[in-house]
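Values quoted throughout were computed directly from the atomic coordinates according to the rules given, and no laboratory measurement underlies them. Since the model is a prediction, treat every value here as computed from it, not as a measurement. Note that each Cβ is placed from the backbone with ideal geometry, even for glycine, and that neighbours are counted across all protein chains shown.
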Ligand code: C5P
């Protein structure tokens, strides 16, 4: 049985995580959330008081590391960590480090497993030859509403207009950066995730059945 890779890209709070988890459970794919890798790095920088404006300091930490955790945790989901992750993600050496980990992860994981990986550049850069590429499309307002609810549910203080502003800013950063900007990958199917999840899952299952 050959390995199958599905990539799920899209902007902040577009529901990539929920969609990938759904695919993982329904179709028995192993899920890797690449955003968590950036968030775990961001957490390390925060804990070590690294000056994020100093490329030299960031490089020093990266050069010392040979792996990164892909474990999820609530502490990685804060707005502070989101901002730091987005800031460090502009550096190509940071991206190289994370991309190397992702490729190794797929190679070394159980031979016959299939993978669903979500992020910003998965279909466009990291796994260009994936079997199925999805790009998740949701309006800014819907994303901000969902993100606001998520933060409140996590017990974080949150103000909707601020969340909308932060989402717009993060989109701008992710789309405008020189290295691996967020784009619709070549050959990707655009999934409309504005309405019900049932509608989203119907669009996706139809495509997976055709792999
Ligand atoms: O997807 P998530 O919101 O967890 O990602 C956090 C940040 O990490 C993003 O805003 C983006 O700047 C960066 N990221 C990236 N490439 C990926 C995944 C995440 O640049 N493949």
*Quick one: grab the alpha carbon gyration tensor of segment 65-107, order the square roots of its eigenvalues as a ≥ b ≥ c, and give me rounded if a/c is under 1.5, else prolate or oblate depending on whether a/b is larger than b/c.*
oblate
_Normalised contact order of segment 4-208, rounded percent, pairs of Cα under 8 Å and 6 or more residues apart_ = 34 percent
*Two-site label geometry, residue 67 and residue 203: point separation in nm, points 7 Å out along Cα→Cβ*: 3.7 nm
*Ellipticity estimate at 222 nm from DSSP helix runs (n ≥ 4, -39,500 (n - 2.57)) divided over the chain, nearest 500*: -16000 deg cm²/dmol
*Taking square-rooted eigenvalues a ≥ b ≥ c of the alpha carbon gyration tensor, is segment 22-99 rounded, prolate or oblate, where a/c under 1.5 means rounded and, failing that, a/b exceeding b/c means prolate?*
prolate
_Pairwise FRET efficiency - residue 109 versus residue 210, Cβ, R0 = 35 Å, nearest 0.05_ = 0.90
*Return 56, 18 ranked ascending by Cβ neighbour count within 10 Å, so the fewest neighbours appear first.*
56, 18
*Contour minus end-to-end for residue 57 and residue 137, with contour as 0.36 nm per residue of separation and end-to-end as the Cα-Cα distance?*
25.2 nm
*So what is the relative contact order of segment 108-198, in percent, for Cα pairs below 8 Å that sit 6 or more residues apart?*
44 percent
*With a/c under 1.5 counting as rounded, go ahead and sort segment 4-208 into rounded, prolate or oblate using the C-alpha gyration tensor (a ≥ b ≥ c being the square roots of the eigenvalues; past the cut-off, prolate if a/b is larger than b/c, else oblate).*
oblate
